[in-house]
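Below is one structure; the comments refer to it alone.
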């Protein structure tokens, strides 16, 4: 089996590549190069698999290049994880976010339709699409109300996937993934910002951690659990859309407390609320209902928030520890 992963250099791409390699797949990863640097394989190196994946030059904005990639690789499964995925940046870069996170999905689907119509496709949808929540617990049937350019772009990607499935009979599924983290999470995301900040304070490299709305609530899981759900979706006979979540919600404040306590620090001595870090339109609560995934995929989250945050703090302490 051949798999093509867009966004393979990101958190989910790296863990998914690790999972697929363990199942005997030949794994190809689409990565965007620049003139000033080679592809950043840091996460693949962290997992020790950088030599086991085949990197393909590509960009979601380039349809002709994607068509050539499908023709050359001939994938059996395609996982579209690439996106401009930082919510805060989407207000500063709304057009880029739309071109990559929204139209990029159409480009991948169109390239597949032309070259590999029988391949199975996974689209990384997002719980941010729910935004201003219409139900206390969000399921596949909950109406969407996006609250950022990123969420709007993800909503387009979600519905174009449904459209290609229904219009062309493609095996195209979307995972509506709630927040999922790990030691491989980018430093710009709040969980990693917290664990990195706590590690710096513990090591005497900083005195404070500045955050915005710490009363926002999120349903946090571990990326390792969530990439397993992606793979399970493409093993089903019939394509469909699934909410992937833990079914538990926690405030940013309580997530911070776990990190500070693990480092034997008093949170109130170091945490500073910065009004400049609040979003223009805040998403206050997200809580997923994973019942469908549990019933049809046999999937459920196995790694707790406490375990995950402690793992992330330990990893950041190891990264930042002075070398002698």
| remark: Relative contact order of region 1-106 (C-alpha contacts under 8 Å, at least 6 apart) in percent is 32 percent
| query | For the modelled label position 7 Å from the Cα of residue 205 along Cα-to-Cβ, which residues of region 263-280 have backbone nitrogen atoms closer than 20 Å? | reply | 263-267, 270-272
| How high is the relative contact order of the chain, given as a whole-number percent (alpha carbon pairs under 8 Å, six or more residues apart)? | 17 percent
| remark: Between residue 268 and residue 291, Cβ-based FRET efficiency (R0 30 Å, step 0.05) works out to 0.20
| message | Modelling each spin label as a point 7 Å along the Cα-to-Cβ direction, I'd like the residue 159/residue 64 distance in nm, to one decimal. | response | 3.1 nm
| task | Take the Cα coordinates of the chain, assign each an equal point scatterer, and use the Debye formula without solvent to give log10 I(q)/I(0) at q = 0.07, 0.09, 0.12 Å⁻¹. | result | -0.27, -0.45, -0.82
| remark: For the residue 57, residue 236 Cβ pair and Förster radius 30 Å, calculated FRET efficiency rounded to 0.05 is 0.45
| remark: dims of region 175-324, Cα set, principal axes, largest to smallest, nearest Å -> 54, 41, 21
| query | How big is the antiparallel share of DSSP beta bridges in the chain, given as a percent to the nearest 5? | reply | 5 percent
| Proxy reagent accessibility, fewest Cβ within 10 Å first, across 106, 191, 307 | 307, 106, 191
| note | Highest mean packing first, using Cβ neighbours within 10 angstrom, the peptides 137-146, 169-178 sort as 169-178, 137-146
| query | In a Debye calculation with equal point scatterers on the alpha-carbon sites of region 122-257 and no solvent, what is log10 I(q)/I(0) at q = 0.13, 0.17 Å⁻¹? | reply | -0.63, -0.98
| message | Just want the ordering: 91, 299, from fewest to most Cβ atoms lying within 10 Å of their own Cβ. | response | 91, 299
| query | Hey, how many Å between the Cα centroid of region 59-111 and the Cα centroid of region 177-220? | reply | 27 Å
| Order of 33, 218 under a 10 Å beta carbon neighbour criterion, fewest first | 33, 218
| query | Stretch residue 47-residue 304 to full length: gain in nm at 0.36 nm per residue minus the Cα-Cα span? | reply | 90.4 nm
| Distance between modelled label sites at residue 118 and residue 23, nm, 7 Å Cα→Cβ extension | 1.9 nm
| request: Let me have the 222 nm mean residue ellipticity of the chain computed from DSSP H runs of 4+ only, each contributing -39500 (n - 2.57), with the sum over all residues rounded to the nearest 500. | output: -11500 deg cm²/dmol
| Could you state the number of Å between the C-alpha centres of region 256-274 and region 1-51? | 34 Å
| If you line up the long axis of helix 252-262 against the longest principal axis of the chain, both from Cα atoms, how many degrees apart are they, to the nearest 10? | 70 degrees
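None of the figures in this text is laboratory data; all of them are computed from the coordinates on show. Here the structure is a predicted model, which is why all the values come from computation and not from measurement. Don't worry about glycine lacking a Cβ; one is built from the backbone with ideal geometry, like all the others, and counts go over all protein chains shown.
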